[in-house]
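The values are calculated or read from the model by the stated rules, or taken from the named source; none is laboratory data. What you are looking at is a predicted structure, and each value in this text was computed from that prediction instead of being measured. When we count neighbours, we look across all protein chains shown, and the Cβ atoms used for this are built from the backbone with ideal geometry, even at glycine.
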Amino acid sequence: MRNEKELNKSGVSLPPFRRWGRWVKIIVLLYASIGIALFYLQDYILFHPTVIARNIPYQFDMPFEEIDLPFNTTDTINMVKFFPKDTVRKGIVLYFHGNKENVKRFAKFANNFTRHGYQVWMEDYPGYGKSVGNRNETILYQQAAQIYKLANSKFAADSIVIYGKSLGTGIAAQLASVVDCRQLILETPYYSIPALYDSYAPVYPNSRMASYKFPVNEYLQEIKRPITIFHGTSDGIIRYSCAAKLKAVLKPSDRFVTIEKGSHNDLNDFPLYHQMLDSLLQF
């Protein structure tokens with residue numbers, strides 16, 4: 001009896017169930033291969049750092065100070081403090097930036113706060129800029145807490161604003177859930193990292209696969225201070241629908257500010273963003 005391969009060569013069609021069987025095997029193989037790649041490449045998907053040699057001095061067009069904070073015997077947090085041009089200081093903004101490059105990419109946003117009399121403390125995560133050491137979710141939380149402790153030694157909690165942008169919204173939200181502050185401001189946040197993965201690849205069990213969770217939705221429910229969220233309707237990286245789910249966990253007094261046609265990296269170009277942010281920083 002000729003085998004299946006010989007029958008196929010001779011022009012005899014394979015039974016439908018066998019043809020479907022082949023396609024099922026291909027689909028399963030692709031599904032498994034992509035899933036394995038997503039699991040093992042999570043750090044490369046989430047983090048896009050640019051390293052800066054520690055002997056290269058920073059240059060910014062505003063007053064600043066660069067400091068190193070020892071985290072443990074091997075890890076060091078590098079942080080830049082941006083200062084108002086006058087001597088009147090209202091408080092501190094702890095700014096947790098996004099997942100690309102380093103402080104140099106986000107320094108231009110410090111003026112949004114320094115012109116209102118705030119210092120802006122902007123750390124680089126491990127592996128970013130001049131910060132060195134290991135990186136995981138717990139370490140990122142612990143380092144943020146260490147920075148808050150230093151800020152709180154100089155200013156009262158009601159003079160500390162916690163600000164998170166993109167990836168940094170998870171760190172900022174967690175910090176605000178365990179310490180006191182004046183307010184929490186989030187720019188282009190996600191509901192959680194598994195929910196963010198779901199928006200791209202809903203066919204995978206992302207809640208189990210994700211090695212980073214950053215459950216912003218859970219942290220917001222623990223925060224008693226005012227919360228303001230900014231998100232654009234044309235955000236192609238963290239989709240508006242992913243962030244909009246956070247509305248369900250906000251307090252009645254909190255605000256979710258929708259920027260029509262705003263995308264992930266251009267909210268700073270919209271007058272509504274500045275109008276709302278300016279009102280939040282005036283007191």
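Assorted remarks:
- Checked against (1) surrounded by 19 or more Cβ atoms within 10 Å (Cβ to Cβ); (2) among the aromatic types (F, W, Y); (3) within 28 Å of D269 (Cα to Cα), F83 passes all but a single condition, namely (1).
- Residue match in the range 252-267 (condition: without any contact (Cβ under 8 Å) to a residue 12 or more places away in the chain, surrounded by fewer than 19 Cβ atoms within 10 Å (Cβ to Cβ), touching a strand residue (DSSP E or B) at 6+ places or on another chain (Cβ under 7 Å) and charged (D, E, K, R)): no
Results for (1) surrounded by 15 or more Cβ atoms within 10 Å (Cβ to Cβ); (2) assigned by TED's automatic domain parsing to the domain that holds F83; (3) in a helix (DSSP H, G or I), shown as yes or no for each residue.
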residue: I171; (1), (2), (3): yes, yes, yes
residue: D180; (1), (2), (3): no, yes, no
residue: P194; (1), (2), (3): yes, yes, yes
residue: F214; (1), (2), (3): yes, yes, no
residue: T228; (1), (2), (3): yes, yes, no
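- Boolean, G127 is surrounded by fewer than 20 Cβ atoms within 10 Å (Cβ to Cβ) and in contact with a Lys or Arg (Cβ under 8 Å, 6 or more places away or on another chain): yes
Every residue, every condition in (1) in contact with a Leu (Cβ under 8 Å, 6 or more places away or on another chain); (2) in the same structural domain as L267 (by TED's automatic domain parsing); (3) among the polar types (S, T, N, Q); (4) farther than 26 Å from L281 by Cβ, yes or no:
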{"position": "I77", "(1), (2), (3), (4)": "yes, yes, no, no"}
{"position": "D86", "(1), (2), (3), (4)": "no, yes, no, no"}
{"position": "N111", "(1), (2), (3), (4)": "no, yes, yes, no"}
{"position": "R115", "(1), (2), (3), (4)": "no, yes, no, no"}
{"position": "D124", "(1), (2), (3), (4)": "no, yes, no, no"}
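- Test: residue in the range 29-39 that is more than 31 Å from the chain's Cα centre (by Cα), modelled with pLDDT under 95 and not assigned by TED's automatic domain parsing to the domain that holds A156: yes
- Any hit, the range 60-71, residues being closer than 26 Å to K224 by Cβ and among the aliphatic types (A, V, I, L, M): no
- Of the residues making up the range 55-80, those that are surrounded by fewer than 12 Cβ atoms within 10 Å (Cβ to Cβ) and closer than 28 Å to A173 by Cα are P70, N72, T73, T74.
- Residue ID - nearest to the chain's Cα centre (by Cα), chosen from residues in the range 40-54 that are loosely packed, with under 12 Cβ neighbours inside 10 Å and under 30 Å from I238 (Cα atoms): Y44
- Scanning the range 121-137 for residues that are among the charged types (D, E, K, R) and touching a His at 6+ places or on another chain (Cβ under 9 Å) yields E123, D124.
- Among (1) of a type in the set (K, R); (2) part of a loop (DSSP other than H, G, I, E, B); (3) at negative phi, the one test that K261 misses: (3)
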